[in-house]
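Structure first, commentary second.
The values are calculated or read from the model by the stated rules, or taken from the named source; none is laboratory data. From a predicted model like this one, the values you see are computed outputs, not experimental measurements. Ideal geometry is used to build each Cβ from the backbone, glycine not excepted, and the neighbour counts take in all protein chains shown.
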Ligand SMILES: Nc1ncnc2c1ncn2[C@@H]1O[C@H](COP(=O)(O)OP(=O)(O)O)[C@@H](O)[C@H]1O
Ligand SMILES: [Mg+2]
């Protein structure tokens, strides 16, 4: 299953985030996975608004496997990706945690950027197999969710 969102404003980030939250619930991602995916989504989508004047997000949900998000914009690009990926680096005097934080929340993450042309960031997050099998169990049935199962390493 796949689709895309045009992201121009912070309002768009919010609405698309709601949709991502809904889709990941339908696919059986755990609450923890969904919160972390949405966090990364919000940071990377908001970066497009703040630093690039908007862009597009394409999502691909792979059954029983994971979610890929591709953020693409035609903004100014990132001249030094290594620097931009380091904790606390910001050209807008904000927290500088969006890129490094999103990378930590991903199973696979990469940035391609050309100054003057734009930026493309690919985020991939696996779904844990035990969560796929339990998609109708857990919190929805009033059972306690076991956060020790399927939790990410590091
Ligand atoms: N889509 C983008 N286009 C251009 N520059 C970007 C983009 N995303 C991030 N950057 C650059 O990388 C820096 C670090 O991003 P981030 O870690 O999210 O911190 P913050 O957004 O708080 O500045 C930004 O300050 C900006 O210079
Ligand atoms: Mg940011």
inquiry  = Could you check the range 60-72 and list, in sequence order, the residues that are more than 13 Å from ligand 2 (Cβ to nearest atom) and either touching a helix residue (DSSP H, G or I) at 6+ places or on another chain (Cβ under 7 Å) or in a helix (DSSP H, G or I) (or both)?
reply    = 61, 64, 67, 69
task = Please find, within the range 110-125, the residue that is farthest from ligand 1 (Cβ to nearest atom) out of those that are in contact with a helix residue (DSSP H, G or I) (Cβ under 7 Å, 6 or more places away or on another chain) and within 18 Å of residue 32 (Cβ to Cβ).
result = 125
query = So which of 52, 84, 45 is within 14 Å of ligand 2 (Cβ to nearest atom) and touching a residue at least 60 places away in the same chain (Cβ under 8 Å)?
reply = 52
key: Residue count, the range 53-87 (criterion: closer than 26 Å to residue 23 by Cα and near ligand 1 (Cβ under 8 Å from one of its atoms))   = 3
key: Search result, residues across the range 28-40 that are more than 11 Å from ligand 1 (Cβ to nearest atom) and touching a residue at least 40 places away in the same chain (Cβ under 8 Å)   = 28, 29, 30, 31, 32, 33, 36, 37, 39
message = Taking the conditions exactly as written (modelled with pLDDT of 95 or more and exposed (fewer than 15 other Cβ atoms within 10 Å of the Cβ)), does residue 83 satisfy them or not?
response = yes
